[in-house]
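Read the figures in this text as sums done on the coordinates, not as results from a lab. Quantities reported herein were computed from a predicted structural model and do not represent experimental measurements. Don't worry about glycine lacking a Cβ; one is built from the backbone with ideal geometry, like all the others, and counts go over all protein chains shown.
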Amino acid sequence: MAAVAAAERRLSFSNITALAPMVRVGTLPMRLLALDHGADVVYCEELIDIKMVQCQRVVNEVLQTVDFVAPDERVMFRTCEREKDRVVFQMGTADPDRALSVARLVEKDVAAVDVNMGCPKEYSTKGGMGAALLSNPDRIEAILTKLVNGVSIPVTCKIRILPSLQETISLVQRIEKTGVTAIGVHGRFKEERPRHPIHCDYIQAVAQAVSIPVIANGGSLDLVKTHADIAEFRRLTGASSVMLARAAMWNPSVFNSGGPLPVETVMEEYLKYAVQYDNHAFNTKYCLCQMLRDKVESPLGKRVQAAQTNAEISDAYGLSEFHQQIQEQLQSRRDALQGGDPS
Ligand code: FNR
């Protein structure tokens, strides 16, 4: 019975729309906002295994979060109950043992773990991680097999496409055999930049070649502007699911089936979560600047850029009172915890 219940709770990757992993963007406020607007699954930013293995799991009673804290006190990953059955922890790794240590560290607090096999940036590839893994299928197999056998939650990976269709298909079939639950496919070659058109035909071929769900990715630039485009992108690629990065970074209400909200509204919603969960101010600024896009040099944009704290950012958005209320709430929680008074 317990096994059946556990299986029922396993996150499904069929027919879902996901917030894609994005360094700096995919922190807790953005993930919660994406869920509010209808994303089924939310990936965290890529977190590097070497940094994660040094972290301690800390229950933050004041914020009501679970934090993974580095020796220098930096919070590397913050999560909360609300996203527990929806959040996918993405790691950067080139080492099966370290990958397993990280997966076990976060296993109780996330719904799945994912391995980044697509990042072409030097900081990733120089350690043999990210897209460097694509030319080392033995390593891919070793990492994924270790994870699948070592944790009780689903394991997935996110790849880019290889130079030929045949190589891409061989790789995904080998990946499928490791027992992963799904594969995310960013339909670009390793050398291609985000401005290049994606290769829907490759994603389509992958979707036909495996029986696990394929999550199509790479459509933000030209194919997916609104919620209605998500179904069309799914149809075009023949994939079971869709994963959005930039379209969601620019306006997370892209997941909203009722149509997108004005970005001004969404920025306020974002900021409220950032304040509530004590998000690092630099991270808050970064995400708001992505949403401001061409308005980043507007008077509001300049105030955001100049701000050093979440209080100053809140002031720029006319949310000082909200910021104050949250600080009072958090302080009274702190006081109650210190005094042992739960009221
Ligand atoms: C990314 N991407 C990315 N991919 C990944 O697997 N792990 C990561 O941490 C990141 N980080 C990241 C940061 C930012 C700011 C961007 C814009 C992108 C790649 C991303 O998940 C996705 O594959 C591409 O952006 C293509 O999808 P879209 O943008 O066309 O939907």
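Annotation: amide H of Asn60 within the under-5 Å range of Thr65, Val66, Asp67, sequence separation 5 or more or interchain, hydrogens built in the peptide plane. Against the main long axis of the alpha-carbon atoms of the chain, helix 227-237 sits at an angle near 20°.
Here the dipole of segment 98-162 is about 120 debye; that uses its Cα centre as origin and unit charges on the Cβ of Lys and Arg (positive) and Asp and Glu (negative).
Note on segment 37-89: the alpha carbon radius of gyration divided by the globular reference 2.2 N^0.38 Å gives 1.19. Annotation for Leu337 and Asn136: the two label points, set 7 Å from Cα along the Cα-Cβ direction, are 4.0 nm apart. Binning the C-alpha pair distances of segment 181-301 at 5 Å intervals from 0 yields a P(r) profile of 2, 11, 18, 18, 16, 14, 11, 7, 2, 0, 0 %, listed from the shortest bin outward. For the chain, the relative contact order is 15 percent, taking Cα pairs closer than 8 Å that sit 6 or more residues apart in sequence and dividing their mean separation by the residue count. Convex hull of alpha carbon positions in the chain: directionally averaged projected area 18.3 nm². Counted residue by residue at 0.36 nm each, then reduced by the alpha carbon distance between them, the extension gain from Thr145 to Asp201 reaches 17.3 nm. Rounded to 0.05, the FRET efficiency of the Glu191 and Arg293 pair, given R0 = 35 Å and the Cβ-Cβ distance, is 0.85.
Take every Cα pair under 8 Å whose residues are at least 6 apart in sequence, average their separation, divide by the length of segment 202-343, and the relative contact order is 16 percent. Based on the Stokes-Einstein relation at 4 °C and a viscosity of 1.567 mPa s, and on the Kirkwood radius from alpha carbon pairs, segment 64-204 is assigned a translational diffusion coefficient of 82 µm²/s. Available extension along the chain between Asp36 and Glu122 is 27.6 nm, counting 0.36 nm per residue and deducting the alpha carbon span. Estimated from helices alone, the mean residue ellipticity of the chain at 222 nm is -13000 deg cm²/dmol (sum of -39500 (n - 2.57) over DSSP H runs with n ≥ 4, per residue).
Sorting the segments 23-31, 128-136 by their residues' average number of neighbouring beta-carbon atoms within 10 angstrom, most packed first, yields 23-31, 128-136.
Taking amide H as placed 1.01 Å from N in the peptide plane, Leu47 has its amide H under 5 Å from the amide H of Gln90, Met91, Gly92, each at least 5 places away in sequence or on another chain.
For segment 25-115, a/c is not less than 1.5, where a ≥ b ≥ c are the root eigenvalues of the C-alpha gyration tensor, and a/b does not top b/c. That puts it in the oblate class. Between 0 and 90 degrees, the angle of helix 96-106 with respect to the longest Cα principal axis of the chain falls at about 40 degrees. Across segment 152-158, computed HN-Hα scalar couplings (Karplus, 6.51 cos²θ - 1.76 cosθ + 1.60, θ = phi - 60°) run 9, 9, x, 10, 9, 9, 10 Hz from first to last residue, x flagging Gly and Pro.
For segment 77-184, lysine pairs separated by 8 or more sequence positions, or belonging to different chains, with Cα-Cα distances below 22 Å total 9. Note on segment 131-248: dipole from Cβ charges, positive end direction compared against Ala216, Tyr202, Leu165; the farthest Cα belongs to Ala216.
Taking every DSSP bridge with both residues inside the chain, close to 20 percent are antiparallel. For segment 213-254 versus segment 126-147, the inter-centroid distance based on Cα atoms is 26 Å. Quote the FRET efficiency, to the nearest 0.05, computed for Asp315 versus Arg82 with a Förster distance R0 of 30 Å and r equal to the Cβ-Cβ distance. Taking R0 as 30 Å, the efficiency between Asp315 and Arg82 is 0.65. Return, ordered by residue number, the residues of segment 201-219 whose backbone nitrogen is under 15 Å from a label point located 7 Å along Cα→Cβ of Ser164. Once the point is set 7 Å along Cα→Cβ of Ser164, nothing inside segment 201-219 turns out to lie under 15 Å by backbone N.
Electrostatic tally near Phe255: other residues with Cβ closer than 10 Å to its Cβ, Lys and Arg +1, Asp and Glu -1, net -2.
Please give me the summed charge of the neighbours of Leu300: other residues whose Cβ is under 13 Å from its Cβ, Lys and Arg +1, Asp and Glu -1. Around Leu300, the surrounding residues sum to -1.
For a straight C-alpha distance cut-off of 21 angstrom, the lysines reachable from Lys285 (same-chain residues fewer than eight places away being disregarded) are Lys272, Lys295, Lys302. Computed about the Cα centre, the dipole magnitude for the chain is approximately 720 debye when only Lys and Arg (+1) and Asp and Glu (-1) carry charge, each at its Cβ. Segment 129-205 has equivalent-ellipsoid semi-axes of 23, 12, 12 Å, by the square roots of 5 times the alpha carbon gyration tensor eigenvalues, sorted largest first. Relative to the dominant Cα principal axis of the chain, helix 281-292 is inclined by about 70°. Normalised by the number of residues in segment 1-117, the mean separation of alpha-carbon contacts (under 8 Å, six or more apart) gives a relative contact order of 24 percent.
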